[in-house]
Amino acid sequence: MSRNLVYDPHLSAEELRGFSRTVAEIEWLLLILVLLYQAVLAPEGETASALGMAMFFFAAFILIFHYVNFYRKETYWKLAIETWVMIVFITWALMYTGRLESPLLNLYLLVIITSALTLGKISTLLQMLLIAACYVWLGHYERIGSLPLTPFLATLATQLAPLVLVAYITTMLSADIRRALIQIKLLSEIDDLTGALNMRAFNMVSERVFRQSTRYSHPFSVLMIDSDSLKLINDAHGHEAGNRLLKMITQSIQGHLRDSDYVARYGGDEFVVLLPETTCSGATGVATRIRQQIESAALATRTEPVHTTVSIGIACYPDHGSNLDIILEKADLAMYTSKTSGKNRTTVYSGN
């Protein structure tokens, strides 16, 4: 079972919204820079009209994409479209302000930075190829037939080198930051001792599973698993052995779960398992396999191997309640029944 159960390595909806706001600010900055060029240098005639038209359409595009709910849900495609439009806008402005001699040429850097931060390496590479094509169209197309291929490519590579360097550095920094954030997120969701989810993370995933189950009328089951032997192990062999017992129980549980299942340390020597799309009969089979494996395993101690057991309680949705808290409570009651009935057994909540 993957440790990365709660945190999606792809951008979350909230992160996409944050990136969308950043892209909007970059787009406004791009528009302001072109506006400053027009205000300071005061071009006349066709240039002024072309820049005015470009700014008008680009501003309208920004307003539609960010403030008129044209896209109610942020997606990678939306961010990609925005970078393409930025390239079109910059290329249009360069056509009327000196082409490759234009002081606005470095505005392409804003596109590269935007793509590197939000879309990743492959998309940034594609943006670089598109910008390279724009370079050829803006100033090199007429030289293609007159210059040998090698000098032509060398000149183009020299002009594109700053963009490539910025793209490389930005994508590397973005990837490093992303990995660090994922690691921090994982550490905040994982129980340090056992590697299972902590209750903060479990509460998040259980709420999500519960909403999906109620929406689509799908079942789910909860197992409450409690060690029958932790106190004895701690008293006889020390807390280090007790910690190894908890790790062994966690590994035994994880070995019988699907990637879509979740296990969390509920507290002390108690664990909770969430089984989406699972009925009570299916949960009973999982619980039995977990209990039997723990019973057959031996915990190594300083003196001799020790066999341990667990008691398990099961409650299911919708059989035992329509509320997540009620399901958890009834699974806990069923686990307590297993404890008081002799331990090392599995009990499905019955209401008795």
(request) Go through the range 134-169 and count every residue that is over 33 Å from the mean Cα position of the chain (by Cα) and either in a helix (DSSP H, G or I) or modelled with pLDDT of 70 or more (or both). (result) 21
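Just checking, which of G342, G351, G268, G313 is at pLDDT below 95 and either within 32 Å of the chain's Cα centre (by Cα) or surrounded by 14 or more Cβ atoms within 10 Å (Cβ to Cβ) (or both)? Before the answer, list the steps.
Values: G342 fails: either within 32 Å of the chain's Cα centre (by Cα) or surrounded by 14 or more Cβ atoms within 10 Å (Cβ to Cβ) (or both); G351 fails: either within 32 Å of the chain's Cα centre (by Cα) or surrounded by 14 or more Cβ atoms within 10 Å (Cβ to Cβ) (or both); G313 fails: at pLDDT below 95.
None of the other options fit; the residue is G268.
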(message) Going residue by residue through the range 247-263, is there one that turns out to be in the same structural domain as S217 (by TED's automatic domain parsing), within 16 Å of L197 (Cα to Cα), in contact (Cβ under 8 Å) with a residue 60 or more places away in the chain and part of a strand (DSSP E or B)?
(response) yes
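Test I32 against the stated conditions and say whether it is of a type in the set (V, I, T) and modelled with pLDDT of 90 or more.
Values: of a type in the set (V, I, T): yes; modelled with pLDDT of 90 or more: yes.
The answer is yes for I32.
The values are calculated or read from the model by the stated rules, or taken from the named source; none is laboratory data. This structure is a prediction, so every number in the text was calculated from the model and none was measured. No Cβ is skipped: glycine too gets one built from the backbone with ideal geometry, and neighbour counts run over all protein chains shown.
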